[in-house]
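A.B. asks: Take this structure first; my questions come after.
The values are calculated or read from the model by the stated rules, or taken from the named source; none is laboratory data. This structure is a prediction, so every number in the text was calculated from the model and none was measured. Positions of Cβ are generated from backbone atoms using ideal geometry, with glycine treated the same way; all protein chains shown enter the neighbour counts. Surface areas here come from the heavy atoms of the whole protein model, side chains and all, with no ligands, DNA or RNA. Shrake-Rupley method; radii C 1.70, N 1.55, O 1.52, S 1.80 Å.
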Amino acid sequence: MSMGVYFRRYWQLYALLVLPLSYFLIFKYGPIYGIQIAFKDFNLFQGINGSEWIGFDAFKEVFGMRDFYITLRNTLMLNFLDLLVSFPAPLILAIMLYELKTAWFKKLSQTILYIPHFISWVIIGGIVYQVFGTQSGMINNLLTSVGLEAIPFLTDKNDWLVTYLLVGVWQSAGWGTIIYLAALTGINKELFEAAGIDGAGRLKRIWHITLPGLKPTIIVLLIINLGHMISIGFERPYVIGNLAVREYSDVLSTFVYRIGIQSGQYTLATVIGLFQAVVGLVFVLGSNYVSKKLTDESIL
């Protein structure tokens with residue numbers, strides 16, 4: 001069948017691609033034009049084309065800034081710790097939910113776990129300060145009322161780090177279970193029945209059937225997460241962070257906000273954004289290559 005005949009027969013399918021393709025062309029590929037700001041002394045009034053070329057001078061300036069390396073360290077540290085703490089949480093929750101036999105309790109648990117994902121980080125920030133605040137937080141009020149010392153959850157950098165990670169798990173773990181639960185439905189139930197007949201307990205069935213069945217999904221999600229190691233969302237560290245813990249809470253996204261939006265140094269902000277994109281691509285390709293070599297599983 002020729003391409004023309006195929007297109008005429010299934011033109012409805014191609015028509016469905018118009019909107020998603022338009023979205024990617026306009027909002028993903030269109031902004032690539034602005035990358036040249038990183039190589040220009042950008043002037044807001046002269047525009048991109050009217051600004052003077054400066055080559056790699058802006059890169060030299062960024063790489064010579066001490067704050068850049070501090071925020072880069074914090075970004076990698078927070079993302080790595082998030083990967084250790086937050087990545088296994090949806091997998092564990094999904095397996096626990098899948099093993100539940102009471103249907104109504106299972107649905108109720110899923111709903112409760114999904115809700116935090118839909119709450120704005122601004123609202124979550126307010127909740128965090130109400131619960132973990134040093135002076136007026138609910139937990140510290142309870143501790144001081146029984147004669148214990150208040151814990152500086154949001155003012156000590158190490159305590160803040162633990163709080164940051166736990167809040168991230170609470171916000172994202174429930175939503176992350178959706179992918180794993182979908183993958184679990186694809187595992188042949190006869191394997192579980194056969195293992196049960198052979199005397200395998202619940203833990204052995206999870207270890208020898210459930211986890212191997214989820215292996216491709218785990219690898220894909222791990223590769224995606226590794227690709228985001230150098231980039232980090234703005235809302236979470238900005239809302240939960242403060243000057244007292246800036247040594248840990250200041251990351252690349254907040255750094256870009258300070259020098260780009262607040263200081264108007266758009267060239268430097270673009271340099272950092274380009275740096276994140278290139279390093280992120282290297283992480284994705286590298287992790288995909290290693291995954292393919294070790295497990296024969298690849299997404300690229």
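A.B. asks: Would you work out which of 4, 161, 130 lies farthest towards the positive end of the dipole of the chain? Charges go on Cβ: Lys and Arg +1, Asp and Glu -1.
C.D. replies: Comparing the listed Cα positions along the dipole, 4 ranks first.
A.B. asks: Something else now. Could you work out how much longer the chain between residue 41 and residue 189 gets when fully extended? Use 0.36 nm per residue separation minus the Cα distance between them, nm to one decimal.
C.D. replies: Contour length minus Cα-Cα distance gives 47.1 nm.
A.B. asks: Here is a further query. Are there DSSP H segments in the chain that both extend 18 Å or more along their axis (alpha-carbon positions) and score a mean Kyte-Doolittle hydropathy of at least 1.6? List them, or say none.
C.D. replies: 211-227
A.B. asks: Run the numbers for residue 22 and residue 215: contour at 0.36 nm per residue of separation, minus the present Cα-Cα distance, in nm.
C.D. replies: Gain on extension, residue 22 to residue 215, equals 66.1 nm.
A.B. asks: Relative contact order for the chain using alpha-carbon pairs under 8 Å, separation at least 6, rounded to a whole percent?
C.D. replies: Here the relative contact order equals 24 percent.
A.B. asks: I've got another one for you. Find how many whole Å separate the alpha carbon centroid of the range 166-235 from the alpha carbon centroid of the range 51-73.
C.D. replies: Their Cα centres are 40 Å away from one another.
A.B. asks: If each DSSP helix of 4+ residues adds -39,500 (n - 2.57) and the sum is divided by the residues in the chain, what number results at 222 nm, nearest 500 deg cm²/dmol?
C.D. replies: Dividing the helical sum by the residues of the chain leaves -20000 deg cm²/dmol.
A.B. asks: Listed here are the pairs 157/292; 189/292; 106/157; which of them are more than 30 Å apart at the Cα?
C.D. replies: Over 30 Å apart, Cα to Cα: 157/292; 106/157.
A.B. asks: Rounded to the nearest 0.05, what FRET efficiency is calculated for residue 33 and residue 145 with R0 set to 45 Å and r the Cβ-Cβ distance?
C.D. replies: The value I calculate is 0.15.
A.B. asks: What is the extension gain from residue 235 to residue 56, computed as 0.36 nm multiplied by their sequence separation minus the C-alpha to C-alpha distance, in nm to one decimal?
C.D. replies: In short, 61.4 nm is gained.
A.B. asks: What's the ranking of 15-21, 65-71 by average number of surrounding C-beta atoms within 10 Å, highest first?
C.D. replies: Output ranking for 15-21, 65-71: 65-71, 15-21.
A.B. asks: Probe radius 1.4 Å, ligands and nucleic acids ignored: give me the carbon and sulfur share of the accessible area of the chain as a rounded percent.
C.D. replies: 68 percent
A.B. asks: Suppose all protein chains stay in the model; what accessible area per residue would a 1.4 Å probe give for the chain, in Å²?
C.D. replies: Per-residue accessible area for the chain comes out at 61 Å².
A.B. asks: Quick check on the range 18-163: take the gyration tensor over C-alpha atoms, sort the square-rooted eigenvalues as a ≥ b ≥ c, and tell me if it's rounded (a/c under 1.5), prolate or oblate.
C.D. replies: The shape class here is oblate.
A.B. asks: Would you work out which of 55, 96, 146 lies farthest towards the positive end of the dipole of the range 49-202? Charges go on Cβ: Lys and Arg +1, Asp and Glu -1.
C.D. replies: Result: 96, furthest along the dipole toward the positive end.
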